[in-house]
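The values are calculated or read from the model by the stated rules, or taken from the named source; none is laboratory data. Since this is a predicted model, take the numbers as computed values, not measurements. Glycine also receives a Cβ, built like all others from the backbone with ideal geometry; neighbour counts cover every protein chain displayed. All accessible areas refer to the heavy atoms of the entire protein, side chains included, with ligands and DNA or RNA removed. Shrake-Rupley method; radii C 1.70, N 1.55, O 1.52, S 1.80 Å.
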Amino acid sequence: MDLDISSNHDQSIPIYKQIYDQIRELIMIGDLGDGDQLPASRKLARELGVSRVSVTAAYSQLAVEGYIVSKVGSGTFVVGLFSQSAEGNVVERAPGLNLSGWGKRILSAESVELGVLNSGRPAIDFGFGRSFPHIFPYDIWRRLLARYLSTDDTMLSRYGSAAGYIPLREAVASYLRRMRGVDCRMDQVVIVSGIQQALDIICRLFLMKDDVILVESPGYVDAYNLFRTLGARLQPVPVDNQGLPVESIKETSNCRFAFVTPSNQFPRGGTMPLNRRLALLDWAQRSNAHILEDDYDGELRYSSHPIAALQGLDTEGRVIYLGTFSKVLFPALRLGYLVLPSPILPIFLKAKELVDRGAPTLTQAAVADFISEGHFERHLRRLRKEYGSRRKTLVEALDIYLPGLVEYSDVEAGLHVMIFLPADLVEEQIVASAAIAGVGVYPGSVYHFHRPSRPSLLLGFSGLGTSEIVEGVKRLAKDIKKEQRSS
Ligand SMILES: Cc1ncc(COP(=O)(O)O)c(C=O)c1O
């Protein structure tokens, strides 16, 4: 079969990677399906005018990831239904699974983990979105959990409310009004097991086939993959240093939602200014769309007070506000919350009840007390101090060891810094050579819609001490300069 792909010798992307990307894309969009035969490597190499080594390298990468399989003597074939082992290796055909349309889309959804280092944990790991374990007050947490375990209260022997444990909803509502400028009553707050669950239920309730969701690029791909599997078409809008440039939204019919991270754009960084926020609300009103405001780490600002949420400016019930404890407590807690406009509330609760009957009451009760007894705000103050100083160390090290070579957002917020590298460098090569030097850095391209994107890396600082941060940047800088000399 002839493949509609090409190669470009002028690009900074290795030829094998260009071939790999294009074939993978054809499989993902369904142009290549189960059992389709790929051309022999020699033939494809001749057609593309590239070396056979490049084609075989692309084929072996696709085979390792489970997209294709080679059968000795008969050729190379696309694997339509595959499963991946925990290590991300291949591959077990899954004949006769009879998946639903959703199941098939899940199977072919891109896994972000693919872009992450597979080989053990590096000595200095700039992994992002992690909490720093030494900062969390475990003794208080243990005491609060024990409080509910050591009582004969009937709380644990009954199902809780699907909307969430009432004292936690009250504590969250009061916190959001005071600290995040959210305009809400307690009954609008629903406790979920993370933002991802909230998005899943909302989309299943409201998305119709071919509905469009406006999203930021680069952006939060876990949400985007979910949207895609639920049948949405995504309309990416490239962000700048101030988040989503509302003026560049193209008029679209069927636009149901805009998914935005106004407090701290993920992953690039940047805060949406007031004029853009007002323009986005205006756009939502005109388009009869809702805004999904992902306030995943809005509390974590280091040089100024947190910026109030977009939801607080909304007078028309257009914003669905989403928050999580994953960043400010810990991700394994699996607790988040959303604030729903009143008309959406009853249907959301009905769906929530059917989906999981409610988040675990024990941890909800402990978090409720953690907030209402003042531990949460004390913890946040400590996080801001500790993370703020780690971020400062990171950007100072970048300025010292990579002066003028990388760009990053100067908004002092969040748990990572996304750095943009000189255009002539190859992101994967930097990630690979840093790994050899014992430094884990994470590719930025997976968050971009249009590839090749400008080479970039994500450096999380929340899990590292200051001396490790400096040493990690030193080693990374050595690699970047070496790659630059040889490119
Ligand atoms: C941009 C963004 N939104 C939301 C979340 C939180 O999701 P959850 O509450 O499901 O842990 C994350 C977690 O990494 C994130 O990076």
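Looking at the structure I just gave you, is ALA279 in contact with a His (Cβ under 9 Å, 6 or more places away or on another chain), part of a helix (DSSP H, G or I), more than 13 Å from the ligand (Cβ to nearest atom) and at pLDDT 95 or above?
no
Suppose we filter the stretch 393-431 for residues that are assigned to a strand (DSSP E or B) and crowded, with 18+ Cβ neighbours inside 10 Å; how many remain?
Selection size over the stretch 393-431: 5.
If you take the residues in the stretch 230-247 that are more than 16 Å from PHE449 (Cα to Cα) and outside any loop (DSSP other than H, G, I, E, B), which one is least open to solvent (accessible area, probe 1.4 Å)?
Only one residue fits best here, namely VAL246.
Is it true that some residue in the stretch 366-378 is open to solvent by less than 50 Å² (accessible area, probe 1.4 Å), at pLDDT 95 or above and outside any helix (DSSP H, G or I)?
yes
For the stretch 313-331, enumerate the residues that are within 11 Å of the ligand (Cβ to nearest atom), in a loop (DSSP other than H, G, I, E, B), open to solvent by 20 Å² or more (accessible area, probe 1.4 Å) and not charged (D, E, K, R).
Once the filter is applied, which keeps residues that are within 11 Å of the ligand (Cβ to nearest atom), in a loop (DSSP other than H, G, I, E, B), open to solvent by 20 Å² or more (accessible area, probe 1.4 Å) and not charged (D, E, K, R), the stretch 313-331 yields only PHE330.
For ASN264, state whether it is more than 16 Å from the ligand (Cβ to nearest atom) and either at pLDDT below 95 or in contact with a strand residue (DSSP E or B) (Cβ under 6 Å, 6 or more places away or on another chain) (or both).
no
For the stretch 435-475, give me each residue that is more than 19 Å from GLU386 (Cβ to Cβ), in contact (Cβ under 8 Å) with a residue 60 or more places away in the chain and assigned to a helix (DSSP H, G or I).
Across the stretch 435-475, the qualifying residues are ALA435, SER445, VAL446, TYR447, LYS474, ARG475.
Regarding VAL470, is this residue of a type in the set (Val, Ile, Thr), over 14 Å from GLU396 (Cα atoms) and at pLDDT 90 or above?
No: the conditions fail for VAL470.
Test of understanding: among PRO306, PRO346, which residue is surrounded by fewer than 23 Cβ atoms within 10 Å (Cβ to Cβ), touching a residue at least 40 places away in the same chain (Cβ under 8 Å) and away from the ligand (no atom under 14 Å from the Cβ)?
Sole residue among the options that is surrounded by fewer than 23 Cβ atoms within 10 Å (Cβ to Cβ), touching a residue at least 40 places away in the same chain (Cβ under 8 Å) and away from the ligand (no atom under 14 Å from the Cβ): PRO306.
Where the second residue is open to solvent by 20 Å² or more (accessible area, probe 1.4 Å) and β-branched (Val, Ile, Thr) and the first is farther than 14 Å from GLY312 by Cα and lies in the stretch 178-192, which pairs have Cβ atoms under 8 Å and are six or more apart or on separate chains?
Close Cβ pairs satisfying both conditions: MET186/ILE166.
Could you please find all residues in the stretch 258-276 being surrounded by 19 or more Cβ atoms within 10 Å (Cβ to Cβ) and assigned to a helix (DSSP H, G or I)?
Answer for the stretch 258-276, where residues must be surrounded by 19 or more Cβ atoms within 10 Å (Cβ to Cβ) and assigned to a helix (DSSP H, G or I): just ARG276.
Can you tell me which of ARG357, ARG334 is in contact with a Phe, Trp or Tyr (Cβ under 8 Å, 6 or more places away or on another chain), open to solvent by 50 Å² or more (accessible area, probe 1.4 Å) and either among the hydrophobic types (A, V, I, L, M, F, W, C) or in contact (Cβ under 8 Å) with a residue 60 or more places away in the chain (or both)?
Going through ARG357, ARG334 in turn, the sole match is ARG357.
Out of the residues in the stretch 110-137 that are in a loop (DSSP other than H, G, I, E, B) and either touching an Asp or Glu at 6+ places or on another chain (Cβ under 6 Å) or modelled with pLDDT under 55 (or both), which is farthest from the ligand (Cβ to nearest atom)?
The qualifying residue farthest from the ligand (Cβ to nearest atom) is SER119.
Find the residue count for the stretch 192-217, including only residues that are away from the ligand (no atom under 11 Å from the Cβ) and either modelled with pLDDT of 95 or more or not charged (D, E, K, R) (or both).
Qualifying residue count, the stretch 192-217: 13.
Of all residues in the stretch 31-79 being assigned to a loop (DSSP other than H, G, I, E, B) and of a type in the set (A, V, I, L, M), which is farthest from the chain's Cα centre (by Cα)?
VAL72
With in a loop (DSSP other than H, G, I, E, B) and out of contact with any His (no Cβ under 7 Å at 6 or more places or on another chain) as the only criterion, which of ALA163, ALA198 stands out?
Going through ALA163, ALA198 in turn, just one is in a loop (DSSP other than H, G, I, E, B) and out of contact with any His (no Cβ under 7 Å at 6 or more places or on another chain): ALA163.
Any residue in the stretch 397-411 that is charged (D, E, K, R) sitting within a Cβ distance under 7 Å of a residue that is surrounded by fewer than 18 Cβ atoms within 10 Å (Cβ to Cβ)? List the pairs, counting only those 6 or more apart or interchain.
Qualifying pairs under 7 Å: GLU407/PHE420.
Tally time: how many residues in the stretch 282-303 are within 26 Å of SER456 (Cβ to Cβ), open to solvent by 10 Å² or more (accessible area, probe 1.4 Å) and either assigned to a helix (DSSP H, G or I) or within 16 Å of the ligand (Cβ to nearest atom) (or both)?
2
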